[in-house]
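Okay, so here's the structure we're looking at.
The values are calculated or read from the model by the stated rules, or taken from the named source; none is laboratory data. Bear in mind the structure is a predicted one, so any value in this text is a computation, not a measurement. Here the Cβ positions follow ideal geometry from the backbone for every residue, glycine too, while neighbour counts run over all protein chains shown. Please note that ligands, DNA and RNA were not included when accessible areas were found on the heavy atoms of the full protein model with its side chains. Shrake-Rupley method; radii C 1.70, N 1.55, O 1.52, S 1.80 Å.
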Amino acid sequence: MNKTGRRPIDRKARLQIPRVPVPKQSPEERIFNFHEVYEGYDEETVVIEATRCLQCPEPQACMTACPVHNGIPEALWLTSQGQFFAAYDVFRLTTTLSEICGRVCPQEKLCQGSCVVGAVNAPVYIGKIEAFLADYVRKHGGPDLKPSRKTNHRVAIIGSGPAGLHAAEWLALRGHQIDVYEALPKPGGLLRYGIPGFKLEKDTVDAIIERIEGLGTRFICNTRINTPGHPSIDDLMEEYDAVLIAIGAEIPSSLRTEGEDLPGVWKSLEFLIATNLPPKDLPPGTHIPEVKGKKVVVVGGGDTGSDCVRSAIRARAAKVTLSYRRSEAEMPGRKEDRGFAREEGVQYEFLTQPIRFIADEHGHVAQIEIRRMQLGEPDASGRRRPLPIPGSEFIIDADLVVLALGFWPDEKFIKQTPDLETKKWGEILVDPETAMTSRKGLWAAGDAVNGPDLVVTAMWGAQQAAKSIDAYLEALDQPATQPVDASETVSAVA
Ligand code: SF4
Ligand code: SF4
């Protein structure tokens with residue numbers, strides 16, 4: 001054994017072990033349901049896959065590439081030994097949401113994409129192992145979580161997406177009373193309302209909420225802060241010792257194109273909510289689109305575009321097409337999702353840009369005028385700029401259009417918060433060290449600060465904010481902290 005307690009391993013032999021595939025639903029089966037595509041490892045197969053890890057010396061490429069720097073080699077070693085609870089605890093040192101990250105992180109660009117095994121064989125399926133561990137622990141009683149102490153401090157968190165949930169759990173484990181305000185009928189934010197069930201089932205989100213509620217956290221839903229009839233930020237700051245803004249970025253970008261406001265032209269988030277959630281979880285007044293038998297065109301090349309086309313397929317559209325203005329090589333969305341979408345029958349029109357939505361005699365969208373594009377020099381994003389090809393316009397039929405063009409933080413919410421400084425594009429400005437905003441006692445994290453980004457990145461920002469809030473509360477009123485039974489310690493995420 002070496003000094004870490006791990007036995008020496010035969011790296012050459014390990015490199016030859018083939019990747020253990022994860023069972024998944026066939027395309028023919030999955031287009032009829034919203035269950036996850038992957039069915040997950042079992043206790044035997046996960047051990048074999050974890051054994052493929054070479055236990056690289058520091059600095060391990062996988063850990064460096066993981067935005068939260070999960071202790072991947074140690075977790076994989078413990079998994080290979082069948083110590084699933086201990087392996088999960090290693091992940092929990094840096095993330096409370098392994099069941100989410102293991103499913104929705106673009107692992108091929110992060111941990112897995114950097115795994116050295118990938119140079120000669122398929123890289124270790126790190127995300128799938130992380131998801132297995134979180135699911136295994138949950139199915140076997142859940143992690144043993146106890147607050148390390150009890151304080152009299154109260155923290156309000158606005159938003160229950162990944163940043164809000166991570167901060168809520170972390171701060172609850174530090175003994176603070178947490179209230180999470182959510183504008184929609186159920187907690188979960190983007191995880192419930194923005195990510196379809198075929199990538200992340202709602203049961204998993206429910207289980208996370210229950211776990212956090214088990215720590216005494218309250219979720220106050222149907223409450224949109226800074227709107228008439230609901231508390232303002234100032235109300236919350238008066239009532240609570242600290243307030244964290246974790247509202248994400250949910251205001252859709254516009255194409256600024258003729259006919260964009262026609263009936264039948266949908267914003268991506270509205271479409272995903274209406275097609276993915278059971279009626280009881282829908283916001284009041286949600287309009288359900290008629291998709292069955294329709295020709296659907298989705299515009300946009302990101303993950304949201306992929307989610308929309310695949311939702312349309314499951315809603316029984318007759319034909320689903322995705323239009324993207326650059327080539328496939330420039331697409332920001334996950335390649336894996338694209339592969340799934342193609343298997344499910346989605347057609348792609350690359351280098352195309354809608355320039356006009358055309359109504360039928362009833363005023364409903366019926367056609368799109370599209371222009372072909374070509375690639376020019378790279379723009380500020382580093383991707384080649386799409387340029388119109390003059391005279392290339394053509395018209396296609398479309399009964400339903402979904403615009404999946406990206407999101408921005410809610411400018412209205414931000415403007416209604418006095419003295420809150422913002423960046424050039426309206427994101428909230430925070431101290432890079434503490435995540436505190438320009439107002440003392442008010443923090444912000446996640447997409448509201450960074451613009452639309454990964455779930456794991458939002459979580460990392462929330463971790464920084466939560467630590468800063470905890471330190472602030474301790475300094476604010478030390479005598480208010482009452483130690484509890486010293487034997488009660490935080491079992492993970494400390
Ligand atoms: Fe990989 Fe994401 Fe998990 Fe990090 S958090 S190990 S990047 S799946
Ligand atoms: Fe294991 Fe791959 Fe990370 Fe190396 S890079 S420690 S082989 S997971």
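Taking residue 331 as the residue in question, decide whether it is among the aliphatic types (A, V, I, L, M), in contact (Cβ under 8 Å) with a residue 12 or more places away in the chain and open to solvent by 30 Å² or more (accessible area, probe 1.4 Å). Considered against the rule, which asks whether it is among the aliphatic types (A, V, I, L, M), in contact (Cβ under 8 Å) with a residue 12 or more places away in the chain and open to solvent by 30 Å² or more (accessible area, probe 1.4 Å), residue 331 comes out as no. Under the condition of being open to solvent by 90 Å² or more (accessible area, probe 1.4 Å) and touching a residue at least 40 places away in the same chain (Cβ under 8 Å), which residue from the stretch 389-411 is nearest to the chain's Cα centre (by Cα)? Per the stated criteria, the residue is 408. All told, residue 334 falls short of being modelled with pLDDT of 95 or more and either in the same structural domain as residue 205 (by TED's automatic domain parsing) or charged (D, E, K, R) (or both). Return yes when residue 34 is away from ligand 1 (no atom under 12 Å from the Cβ), more than 23 Å from the chain's Cα centre (by Cα) and either at pLDDT 95 or above or open to solvent by 30 Å² or more (accessible area, probe 1.4 Å) (or both) and no when it is not. The answer is no for residue 34. Looking at the structure I just gave you, is residue 133 part of a helix (DSSP H, G or I) and of a type in the set (A, V, I, L, M)? In short, yes. Taken over the stretch 417-448, the criterion of being free of Cβ contacts under 8 Å to residues at least 24 places away in the same chain and not in a loop (DSSP other than H, G, I, E, B) is satisfied by 422 alone.
The set of residues in the stretch 150-175 being out of contact with any Asp or Glu (no Cβ under 8 Å at 6 or more places or on another chain) and either without any contact (Cβ under 8 Å) to a residue 40 or more places away in the chain or on the phi > 0 side of the Ramachandran plot (or both) consists of 175 alone. Only one of 104, 124, 117, 90 is out of contact with any Asp or Glu (no Cβ under 8 Å at 6 or more places or on another chain), more than 9 Å from ligand 1 (Cβ to nearest atom) and either β-branched (Val, Ile, Thr) or open to solvent by 10 Å² or more (accessible area, probe 1.4 Å) (or both). Can you tell me which? Matching residue, one of 104, 124, 117, 90: 117.
When each of 283, 289 is tested for being assigned to a loop (DSSP other than H, G, I, E, B), in contact with a helix residue (DSSP H, G or I) (Cβ under 8 Å, 6 or more places away or on another chain), open to solvent by 10 Å² or more (accessible area, probe 1.4 Å) and farther than 29 Å from residue 105 by Cβ, the lone residue that passes is 289. The listed residues are 182, 201, 239, and the only one of them that is more than 23 Å from residue 418 (Cα to Cα), acidic (Asp, Glu) and assigned by TED's automatic domain parsing to the domain that holds residue 467 turns out to be 201. Among residues belonging to the stretch 38-67 that are hydroxyl-bearing (Ser, Thr, Tyr) and over 24 Å from the mean Cα position of the chain (by Cα), point out the one that is farthest from residue 340 (Cα to Cα). Taking the candidates together, the pick is 51. Kindly indicate the residue of the stretch 68-87 that is under 23 Å from the mean Cα position of the chain (by Cα), at pLDDT 95 or above and open to solvent by less than 10 Å² (accessible area, probe 1.4 Å) and also farthest from ligand 1 (Cβ to nearest atom) among those meeting that condition. The qualifying residue farthest from ligand 1 (Cβ to nearest atom) is 87.
Say we look at the stretch 41-62 and pick out the residues that are surrounded by fewer than 18 Cβ atoms within 10 Å (Cβ to Cβ) and assigned to a loop (DSSP other than H, G, I, E, B); which of these is farthest from ligand 2 (Cβ to nearest atom)? The qualifying residue farthest from ligand 2 (Cβ to nearest atom) is 42. For residue 175, the conditions (1) under 26 Å from residue 241 (Cα atoms); (2) outside the structural domain of residue 216 (by TED's automatic domain parsing); (3) more than 16 Å from ligand 2 (Cβ to nearest atom) all hold with the exception of (2).
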